[in-house]
Amino acid sequence: MHNAPNMASDAGAYLVDAAQRWTLFLDALRQRGLQYEQHMAEPAPNVLDYKAELIWDGRSLPRPVNYLLARIVPPADVRTDDAKRPFVVVDPRAGHGPGIGGFKADSEIGVAMAAGHPCYFVGFLPAPMPGQTIEDIARAEAVFLERVAARHPQAEGKPCVIGNCQAGWAVMMLAAVRPELFGPIIIAGAPLSYWAGVKGVNPMRYSGGLLGGSWLTALTSDLGAGIFDGAWLVQNFENQNPANTLWSKQYNLYSKVDTEVERYLGFEKWWGGHVTLNAEEIQFIVDELFIGNRLACGEISTSDGVQVDLRNIRSPIVAFCSRGDNITPPQQALDWILDLYDSVDEIRSYGQTIVYAVHDTVGHLGIFVSGSVAKKEHEEFASNIDFIDVLPPGLYEATFTRKSDTDADPELITGDWIMRCEARDLDDIRALGGNDLADERSFAAAARVSEINLSLYRALVQPFVRAMTNPAMAETMRKLHPLRLSYEMFGSQNPALGWLDDAVAKVREDRRPVAEDNAYLKAQEQVSRQIVESLDGWRKAMEHQAELVFRTVYGSPVLQAAVGVDSTSSRRPRTASKSLLHAELLAKKIEELRAGFARGGVLEAALRALLYVGSARGGADERGFQAIKQLRRQGGHARKLTLPQFKALVREQFSMLLADRSAALQAIPELLRAEDAETRATAFALVEQVLSASGALEGETSARLGEVRRLFGLDAPTQDEPEQEKPRGKLTVAARRGD
C-alpha cells in the first residue's frame with residue numbers, strides 16, 4: 001500500500017509526465033499531418049524503403065492505366081545475380097497507396113534481394129486513368145511481365161510474382177489467361193473464395209448482404225462523379241477492430257511517446273495514403289468477387305470471351321495466410337482449391353502444384369510487413385523458389401523447422417529454417433473449417449438480392465444522383481471524409497497548433513518520464529485495458545448480431561425461393577464446371593506416357609527412381625533439391641539441362657508413375673540396357689545421395705531404395721522387399737496420397 005506522501009508525490013510526478021506526454025502526442029499527430037500533406041503532394045507517392053527506377057509507365061499504353069513498373073535498385077551492400085529468376089511484387093490497390101511489399105528492409109523485396117534475385121515492383125498512382133478497368137490493368141501487368149522477362153534472358157525460369165492481398169486475385173486472374181508469363185506465384189493474404197469462413201469468427205463476409213448488396217457501391221461512385229474513394233475501403237478495415245481504431249493505436253503512441261513516434265509515423269504514411277478507383281473497377285470487384293464469388297468457379301470472362309479458369313495456371317502457386325488474419329482468413333485464402341477440385345488426383349491431372357502455409361497468429365498486415373514473417377516464411381520462399389518450381393504436381397503444406405546442429409547435411413540448408421513441403425489432400429483444407437451447404441445457399445441468396453437491388457438502383461435512382469453530382473462537389477466530399485480530416489486537421493492549415501513548437505522544445509529540455517511503479521501510471525494502464533475490453537465486447541456483440549441477422553434473412557427458404565435459389569437442392573450454388581475435353585486430353589496424355597515408359601536413358605531412370613523412393617516420405621525438403629543443384633554444378637547427369645527442362649522432365653517422370661507405377665518401374669532396366677555396371681552404380685549412388693540429404697532412409701523409403709537397387713541391376717532382391725504392384729490403368733486410381 002502507498003502511504004499518503006507517496007501518493008501525493010506520485011500524483012505530482014504523474015501529472016507532469018501526463019502533460020508532457022500529451023504535448024509530445026499532439027506533436028506526433030502534427031508531424032503525421034505534415035507528413036500526409038507532403039506525401040500526397042508527391043507525383044508518385046509510395047512507402048518503398050528502396051530506390052526505384054521507372055521501367056514502364058502504364059499511362060503510355062494503348063489502354064492507359066495508372067500502374068507503373070519499377071526496378072528496385074539494390075542497396076550498396078546487396079548484390080543480385082542476373083542468372084537468378086527475377087521477383088515481381090504487385091501491391092494491393094485496396095484504398096491504400098503502394099509500397100507495402102517493400103515497406104522496410106525486412107520485407108518481401110528485402111528478402112528476395114538478399115537471396116540474390118533481381119526485384120521489380122508494380123505500383124500505381126493515386127488517381128485512375130479515365131475509363132480504365134480491371135481488365136485493362138491485367139493487360140498492362142502482362143506487358144510489365146513480358147518486359148521483365150525480356151530484361152533477364154539468361155535467368156533460369158520465368159519471373160516469380162508476389163501478389164499481396166487484393167493484388168493476389170488480380171495476379172491469379174492474369175495467370176489463368178496468360179499462364180506462359182509466370183514462374184511461381186506467391187499470393188499472400190489474398191482472398192479468392194469470398195463466401196468462405198467459420199461461423200462466429202469471420203464477420204466481414206456478411207457485410208455485403210447486410211448492406212443490401214452492391215447498390216451502395218454504385219451510389220458511392222455516383223456521388224464521387226464516377227470515382228470511388230478508397231478511404232471507404234480503409235474505413236471498412238478499421239471497423240473490424242474498433243478497440244484498435246478508437247483507442248489502442250492512439251494510446252500506444254501516447255503511452256510510449258518517447259520511443260514510438262518513428263514507427264507510428266512510418267506506418268501512418270502508408271495507412272493514410274488513400275487512393276481512388278474508377279466506378280467500373282470497384283463495381284467489378286464487389287459484384288464479381290466480394291459478393292458474387294465468381295472467380296473460383298470460372299464464371300468470369302474477359303471482354304473477348306475468354307473464361308478465367310484458375311485451373312489453367314501452370315505455375316506453382318504458394319498461398320500464404322494466417323489464422324490471426326480477420327481480413328483474409330485461411331478459408332478465404334484456400335477454399336478456392338475446394339471450389340475447383342474434387343481430389344488431389346484432379347489437381348495433378350491439371351499439372352498444378354499448390355503449396356500452402358498457414359501462420360498461427362500474425363494479422364493481415366503482418367503477412368506483408370512483419371519482420372519475423374519476412375525473416376522466416378518469405379525468406380524461405382525466396383531462397384527455395386526453384387525448389388518449389390520443380391515440385392511434382394499435387395497439394396502440399398509448407399512447414400518450417402528451425403535449423404539445428406543435429407540436422408543431416410546442414411550445409412544444404414539455406415537460412416535458419418528447414419522448409420519442407422508435406423503432401424496433403426483436400427481433407428486437410430476442409431479441416432480448417434468452412435461453409436456447409438446451407439451457408440452456401442445463404443450467400444447465393446445474398447448475391448441474387450444484390451443483383452436485384454443494383455438493377456433497381458440503376459433504373460430508379462442512379463439518373464437523379466448523377467444529375468445532381470458534379471466533379472467539384474465530389475472532390476469536396478472526398479476532402480471531408482472523416483479519415484482524411486483526421487490527418488488534415490493536424491496539418492499546416494490548422495492555426496490552433498502554432499504554440500506546439502515552443503512547448504515541445506521546453507518539454508524535451510526538461511522531460512521527466514514517470515517511474516514504472518507509479519500508482520497512477522498503473523491505474524492508467526488498468527483503465528486502458530478496461531476500455532479495450534469494453535470495445536472488444538461491443539465488437540463481438542455486434543458481430544454476433546450481424547451474423548444472426550444475415551443467417552435469418554438470407555437463410556430463409558421463402559427468400560431463397562423468391563430469388564431463385566433452390567433450398568432443396570443438394571448441389572452447391574457455385575460449382576466449377578467440369579470439362580469433357582479435359583478428360584479426353586488426359587486420357588490421351590496417359591496413352592502417350594505409357595508409350596514413353598522405356599524411352600530415355602540413365603537420367604530418366606534416375607529421376608523416376610528418385611521420385612518413386614522419395615514419395616514414400618510424403619513430401620520433400622529443400623536439402624534434396626540443394627543436393628541436386630550441387631550435382632548439376634559438379635557435372636552430374638542433369639548438368640546439361642536448364643531448370644525449365646529439368647522441371648519438365650521431373651513432371652513427366654512423376655506423371656508416368658501416376659499413370660501406371662508398376663509398369664513405369666519395370667521399364668527402368670530397359671532405360672539402363674545400354675549402360676555398363678559402373679554407370680548404373682554411379683547413377684544409383686547419386687539417387688541415394690540426394691535422398692540421404694534429407695535424413696536417414698528408413699522403413700518404406702529404405703525398402704523402395706532396395707527395390708530400385710535391384711531394378712538398376714546392382715544386386716538381387718531380398719525377401720524383405722515388397723512385391724511389385726499390379727498394373728493400374730487410370731491416373732486417378734494410381735495416384736495415392738504422397739505418391
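The values are calculated or read from the model by the stated rules, or taken from the named source; none is laboratory data. If you're wondering where the values come from, they're calculated on a predicted model, not measured in any experiment. All Cβ positions, glycine included, derive from the backbone under ideal geometry; neighbour counts span all protein chains shown. Note: accessible area is taken over every heavy atom of the protein model, side chains too, but ligands, DNA and RNA are not part of it. Shrake-Rupley method; radii C 1.70, N 1.55, O 1.52, S 1.80 Å.
Summary of computed values
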item: Extreme residue, farthest from A41 (Cα to Cα), among residues of segment 508-527 that are part of a loop (DSSP other than H, G, I, E, B) and among the acidic types (D, E); result: D517
item: Residues (under 25 Å from G110 (Cβ atoms) and without any contact (Cβ under 8 Å) to a residue 12 or more places away in the chain) located in segment 26-42; result: Q38, E42
item: Within segment 552-578, considering residues that are of a type in the set (G, A, S) and loosely packed, with under 13 Cβ neighbours inside 10 Å, the one nearest to the chain's Cα centre (by Cα); result: S577
item: Boolean, L586 is in contact with a helix residue (DSSP H, G or I) (Cβ under 7 Å, 6 or more places away or on another chain) and farther than 30 Å from N236 by Cβ; result: yes
item: Condition check for A167: modelled with pLDDT of 95 or more and part of a helix (DSSP H, G or I); result: no
item: Set P92, P86, P75, P126: member being more than 29 Å from I227 (Cα to Cα) and touching a strand residue (DSSP E or B) at 6+ places or on another chain (Cβ under 8 Å); result: P86
item: Flag if V549 is β-branched (V, I, T) and surrounded by 14 or more Cβ atoms within 10 Å (Cβ to Cβ); result: no
item: Only listed residue being in a helix (DSSP H, G or I) and crowded, with 17+ Cβ neighbours inside 10 Å, chosen from A505, A496, A474, A459; result: A474
item: Candidates T302, T328 - the one that is at negative phi, hydroxyl-bearing (S, T, Y) and open to solvent by less than 20 Å² (accessible area, probe 1.4 Å); result: T328
item: Pairs, first within 21 Å of G12 (Cα to Cα) and touching a residue at least 12 places away in the same chain (Cβ under 8 Å) in segment 509-535, second open to solvent by less than 80 Å² (accessible area, probe 1.4 Å) and not in a helix (DSSP H, G or I), C-beta under 7 Å, six or more apart; result: L521/V514
item: Qualifying residues in segment 661-710 (those that are hydroxyl-bearing (S, T, Y) and within 30 Å of T414 (Cβ to Cβ)) - the one surrounded by the most Cβ atoms within 10 Å (Cβ to Cβ); result: S694
item: P86 surrounded by fewer than 21 Cβ atoms within 10 Å (Cβ to Cβ), modelled with pLDDT of 90 or more, touching a helix residue (DSSP H, G or I) at 6+ places or on another chain (Cβ under 8 Å) and not aromatic (F, W, Y); result: no
item: Hey, L483 hydrophobic (A, V, I, L, M, F, W, C), assigned to a helix (DSSP H, G or I) and open to solvent by less than 90 Å² (accessible area, probe 1.4 Å) or not; result: yes
item: Every residue from segment 99-135 that is touching an Asp or Glu at 6+ places or on another chain (Cβ under 9 Å), within 26 Å of V306 (Cα to Cα) and either assigned to a helix (DSSP H, G or I) or open to solvent by 10 Å² or more (accessible area, probe 1.4 Å) (or both); result: P128, M129, G131, T133, I134
item: Subset of segment 49-71 (residues that are touching a Pro at 6+ places or on another chain (Cβ under 8 Å) and open to solvent by less than 40 Å² (accessible area, probe 1.4 Å)); result: Y50, G58, V65, N66
item: Residue satisfying all of: in segment 661-706; acidic (D, E) and within 20 Å of V650 (Cα to Cα); modelled with the lowest pLDDT among these; result: E688
item: Count of segment 590-613 residues which are over 35 Å from the mean Cα position of the chain (by Cα) and closer than 9 Å to M656 by Cα; result: 3
item: Pick from segment 136-165, criterion closer than 12 Å to Y67 by Cβ and charged (D, E, K, R), ranking: surrounded by the most Cβ atoms within 10 Å (Cβ to Cβ); result: E141
item: Residue tally, condition closer than 27 Å to S534 by Cβ and either open to solvent by 50 Å² or more (accessible area, probe 1.4 Å) or in a strand (DSSP E or B) (or both), over segment 221-250; result: 8
item: Residue within segment 438-446 that is open to solvent by 20 Å² or more (accessible area, probe 1.4 Å), assigned to a helix (DSSP H, G or I) and hydroxyl-bearing (S, T, Y) present; result: no
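Results for (1) β-branched (V, I, T); (2) in contact with a strand residue (DSSP E or B) (Cβ under 9 Å, 6 or more places away or on another chain); (3) in contact (Cβ under 8 Å) with a residue 40 or more places away in the chain, shown as yes or no for each residue.
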| site | (1), (2), (3) |
| --- | --- |
| L391 | no, yes, yes |
| R430 | no, no, yes |
| N435 | no, no, yes |
| R441 | no, no, yes |
| R458 | no, no, yes |
| K479 | no, no, no |
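Residue by residue, here is whether (1) farther than 26 Å from R139 by Cβ; (2) surrounded by 18 or more Cβ atoms within 10 Å (Cβ to Cβ) holds:
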| site | (1), (2) |
| --- | --- |
| G266 | yes, no |
| I285 | no, yes |
| N293 | no, yes |
| I313 | no, yes |
| L338 | yes, yes |
